[in-house]
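Asks: Let me give you the structure first, and then I'll get to my questions.
The values are calculated or read from the model by the stated rules, or taken from the named source; none is laboratory data. What you see is a predicted model; the values in this text were computed from it and never measured. Ideal geometry is used to build each Cβ from the backbone, glycine not excepted, and the neighbour counts take in all protein chains shown. Calculation scope for accessible area: heavy atoms of the full protein, side chains included, ligands and nucleic acids excluded. Shrake-Rupley method; radii C 1.70, N 1.55, O 1.52, S 1.80 Å.
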Amino acid sequence: MSVRARTAIGAVVGATVLAVLPGCGGGTSTDSGGNSHPKTLTYWASNQGASLEDDKAKLTPELQAFEKQTGIKVKLEVVPWSDLLNRILAATTSGQGPDVMNIGNTWSASLQATGALLPFDDKNFAKIGGKDRFQESALGSTGTAGKPPTAVPLYSLAYALYYNKKLFGDAGISKPPATWNELVQDGKKLTTGGHTGLAIEGASIPENTHHAYIFAKQHGGDFFDAQGNPTFTAPGVAEGVKQYVDFVAGDKIASPSDAEYAQNESVRDFASGKAAMILWQAGGKNFQSHGMKPDDYGVAPVPVQSGAPGQGQNVNSMVAGINIAVFKNTGNLDGALKFVQFMTSDAEQKKLNSEYGSIPSVKTAAQDPAFATPEQNILRTTIATSATPLPQVPKESQFEQVIGGALKDLLADAAAGHPVTLESVRSRLAKAQQQM
């Protein structure tokens, strides 16, 4: 994302808190059928699969099943992550948006603050089967505490470390690293013969933000204080950011070209054997779609500084996941709620989470034996014991843009051979805080 785009989206974030235009929702066209007898819904889905086309292939049969059950046709658009937040924020101000959409769960509080999304109070939760059906950890990332959430959990995710078993064996490495020092040591052994030790997605704003947050946490730092004010230059924050950037800059276990990756290119490199390790959310299905077999890769918890994953400075993932939301002023409210109920039904939760390798957000679906693979057991344990939500503050989406952008610039500097020092990281973070 360009500097111009990041500046524009920051302006949109500020504007959405002040005013939301009426008439949001793509279901207000003349052929939609209206609220009492909805005929058509528009749905923006996030890119969960290996490609936009992969998502369309997975979702289309399910949307056809919904149409068969209800008579409501769903117009699907799969939106890439690089565009999704920008599109949503623009829709909250223009009034030109979908009826239903997926959102990254880290954006929940920011989008809640716009006033554009339907609150899921007790009445609306009852229409989709009740609040108690959902995993408590997933509900923790649906908006500001003490307010009715404005989104419902759809897919639950966490980060894991994936490693290429053959490359590890060839390098004489018998087990996955448990600490970052071990990962760097292993990565240096694996960075040889056209291979790199680690693949990263250095131009991805969300990926950068997620890793910056967790690395800062592991150094005892935080990006916000208890009142929700930004503290980007607090002790531990720069140290955590530099440790991540050093995978390219100092340790040189990730390729400089990774600084330009933003569209799952790192997944391709890992699946093809070009990179030996990757930090990813529920990556198995994506790797397999690129031709990798399940026996080709191993899965382990994301490393910590020392010891074992847990709380405090040993957290090793953010509480990741996808929520589904409804624009408050849709002309097809009844149909939109029917669609949310359908997507969060046990049958669809099992089907779609199986397709994507994620964990169902609905308790009964998550108990299905199909979600007890080695990969999903690690994801489930991480979510329950060593993950922490990103800040649930109104400016969270703006935080993602400025911090993700700052890391993108730092990684670009590293790729160009410019030195990345603790002082230069602090300076970049101070500039990012000024944009909040």
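Asks: Scan segment 80-104 for residues that are polar (S, T, N, Q), closer than 26 Å to Ala138 by Cα and open to solvent by 10 Å² or more (accessible area, probe 1.4 Å) and report the count. If you could, list the steps in order and put the result at the bottom.
Replies: From segment 80-104, those polar (S, T, N, Q) are 82, 86, 92-94, 96, 102; that's our starting set.
Those still in the list that are closer than 26 Å to Ala138 by Cα too: 82, 86, 92, 102.
Applying the additional criterion that residues be open to solvent by 10 Å² or more (accessible area, probe 1.4 Å) yields 82, 86.
The qualifying residues number 2.
Asks: Listed residues Gln243, Gln263; which is part of a loop (DSSP other than H, G, I, E, B) and of a type outside the set (D, E, K, R)? Spell out how you get there, then give the answer.
Replies: Values: Gln243 fails: part of a loop (DSSP other than H, G, I, E, B).
Exactly one of Gln243, Gln263 is part of a loop (DSSP other than H, G, I, E, B) and of a type outside the set (D, E, K, R), namely Gln263.
Asks: Can you tell me which residue in segment 26-47 is most open to solvent (accessible area, probe 1.4 Å), limited to those that are modelled with pLDDT of 90 or more and of a type outside the set (S, T, N, Q)? Give the derivation first.
Replies: Start the filter on segment 26-47 by keeping residues that are modelled with pLDDT of 90 or more, which leaves 40-47.
Next, only the ones that are of a type outside the set (S, T, N, Q) stay: 41, 43-45.
Working: Leu41: 2, Tyr43: 3, Trp44: 26, Ala45: 1 Å².
Out of the qualifying residues, it is Trp44.
One line per residue, one yes/no per condition, for (1) more than 26 Å from Gly104 (Cα to Cα); (2) touching a helix residue (DSSP H, G or I) at 6+ places or on another chain (Cβ under 7 Å):
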position	(1), (2)
Gly193	yes, no
Ile200	no, yes
Gly240	no, yes
Asp246	yes, no
Ile253	yes, yes
Arg268	no, no
Lys285	no, yes
Val299	no, yes
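Asks: Going through segment 414-436 one residue at a time, which ones are out of contact with any Ser or Thr (no Cβ under 8 Å at 6 or more places or on another chain) and surrounded by 19 or more Cβ atoms within 10 Å (Cβ to Cβ)?
Replies: Passing the criteria: Ala414, Val420, Val425, Arg428, Ala432.
Asks: Would you tally the residues in segment 155-181 being open to solvent by 70 Å² or more (accessible area, probe 1.4 Å) and assigned to a helix (DSSP H, G or I)? Even if it seems obvious, please write down each step before you answer.
Replies: From segment 155-181, those open to solvent by 70 Å² or more (accessible area, probe 1.4 Å) are 165-166, 170, 174-175, 181; that's our starting set.
If we keep only those that are assigned to a helix (DSSP H, G or I) too, we end up with 165-166, 170, 181.
Residues in segment 155-181 being open to solvent by 70 Å² or more (accessible area, probe 1.4 Å) and assigned to a helix (DSSP H, G or I): 4 in total.
Asks: Looking only at segment 255-306, filter to residues that are free of Cβ contacts under 8 Å to residues at least 60 places away in the same chain and more than 20 Å from Ser82 (Cα to Cα); which one of those is surrounded by the fewest Cβ atoms within 10 Å (Cβ to Cβ)?
Replies: Lys293
Asks: Provide a single number: the residues in segment 101-137 that are among the hydroxyl-bearing types (Ser, Thr, Tyr) and touching a Phe, Trp or Tyr at 6+ places or on another chain (Cβ under 7 Å).
Replies: Let us first name the residues in segment 101-137 that are among the hydroxyl-bearing types (Ser, Thr, Tyr), namely 106, 108, 110, 114, 137.
Then keep just the ones that are touching a Phe, Trp or Tyr at 6+ places or on another chain (Cβ under 7 Å); that gives none.
Total meeting the criteria: 0.
Asks: Same structure, new question: Any chance segment 200-210 includes a residue that's outside any helix (DSSP H, G or I), open to solvent by 10 Å² or more (accessible area, probe 1.4 Å) and not small (Gly, Ala, Ser)?
Replies: no
Asks: Take the residues in segment 338-358 that are surrounded by 19 or more Cβ atoms within 10 Å (Cβ to Cβ) and of a type in the set (A, V, I, L, M, F, W, C), then tell me which one is nearest to Lys73 (Cα to Cα).
Replies: Once the filter is applied, the top-ranked residue is Phe339.
Asks: Within segment 266-290, how many residues turn out to be within 16 Å of Gly357 (Cα to Cα), assigned to a loop (DSSP other than H, G, I, E, B) and not aliphatic (A, V, I, L, M)?
Replies: Of the residues in segment 266-290, 2 are within 16 Å of Gly357 (Cα to Cα), assigned to a loop (DSSP other than H, G, I, E, B) and not aliphatic (A, V, I, L, M).
Asks: Select from segment 48-79 the residues that are under 25 Å from Pro206 (Cβ atoms), open to solvent by less than 30 Å² (accessible area, probe 1.4 Å), at pLDDT 95 or above and not in a helix (DSSP H, G or I) and list them in ascending order.
Replies: Across segment 48-79, the qualifying residues are Val78, Val79.
Asks: So, Gln218, is that one in contact with a helix residue (DSSP H, G or I) (Cβ under 7 Å, 6 or more places away or on another chain) and either buried (at least 23 other Cβ atoms within 10 Å of the Cβ) or of a type outside the set (Phe, Trp, Tyr) (or both) or not? Spell out how you get there, then give the answer.
Replies: Details: in contact with a helix residue (DSSP H, G or I) (Cβ under 7 Å, 6 or more places away or on another chain): yes; either buried (at least 23 other Cβ atoms within 10 Å of the Cβ) or of a type outside the set (Phe, Trp, Tyr) (or both): yes.
When the stated conditions are applied, Gln218 passes them.
Asks: Filter segment 369-397 down to the residues that are part of a helix (DSSP H, G or I), open to solvent by 20 Å² or more (accessible area, probe 1.4 Å) and closer than 20 Å to Gln433 by Cβ and list them by number. Give the derivation first.
Replies: Narrowing segment 369-397 to residues part of a helix (DSSP H, G or I): 369-371, 374-385, 396-397.
Then drop every residue that is not open to solvent by 20 Å² or more (accessible area, probe 1.4 Å), which leaves 369-370, 374-375, 377-378, 380-381, 383-385.
Correct list: empty.
Asks: Testing Gly129 on (1) assigned to a strand (DSSP E or B); (2) surrounded by fewer than 24 Cβ atoms within 10 Å (Cβ to Cβ), one condition comes back false. Which one is that?
Replies: (1)
Asks: Still on this model: In segment 182-199, what count of residues is obtained for those that are under 18 Å from Trp280 (Cβ atoms) and either modelled with pLDDT under 95 or open to solvent by 50 Å² or more (accessible area, probe 1.4 Å) (or both)?
Replies: Here is the first cut: in segment 182-199, the residues under 18 Å from Trp280 (Cβ atoms) are 183, 186-187, 190, 195-199.
Filter once more, so that each one left must be either modelled with pLDDT under 95 or open to solvent by 50 Å² or more (accessible area, probe 1.4 Å) (or both): 195.
The total comes to 1.
Asks: Another question, if that's okay. Is it the case that Asp122 is out of contact with any Pro (no Cβ under 7 Å at 6 or more places or on another chain) and at pLDDT 95 or above? Write out each step before concluding.
Replies: Details: out of contact with any Pro (no Cβ under 7 Å at 6 or more places or on another chain): yes; at pLDDT 95 or above: yes.
It is true that Asp122 is out of contact with any Pro (no Cβ under 7 Å at 6 or more places or on another chain) and at pLDDT 95 or above.
Asks: Suppose we keep only residues that are in a loop (DSSP other than H, G, I, E, B) and of a type in the set (Ser, Thr, Tyr) within segment 132-150. Which one would you say is farthest from Lys338 (Cα to Cα)?
Replies: The initial filter retains those residues of segment 132-150 that are in a loop (DSSP other than H, G, I, E, B), namely 135, 140-150.
Subsequent filtering for residues that are of a type in the set (Ser, Thr, Tyr) retains 141-142, 144, 150.
Working: Ser141: 22, Thr142: 19, Thr144: 25, Thr150: 16 Å.
The selected residue is Thr144.
Asks: Taking the conditions exactly as written (among the polar types (S, T, N, Q), farther than 24 Å from Thr381 by Cβ and in contact with a Lys or Arg (Cβ under 8 Å, 6 or more places away or on another chain)), does Asn229 satisfy them or not? Please lay out each step first, then the result.
Replies: On the way: among the polar types (S, T, N, Q): yes; farther than 24 Å from Thr381 by Cβ: yes; in contact with a Lys or Arg (Cβ under 8 Å, 6 or more places away or on another chain): no.
So Asn229 does not fit the description; no.
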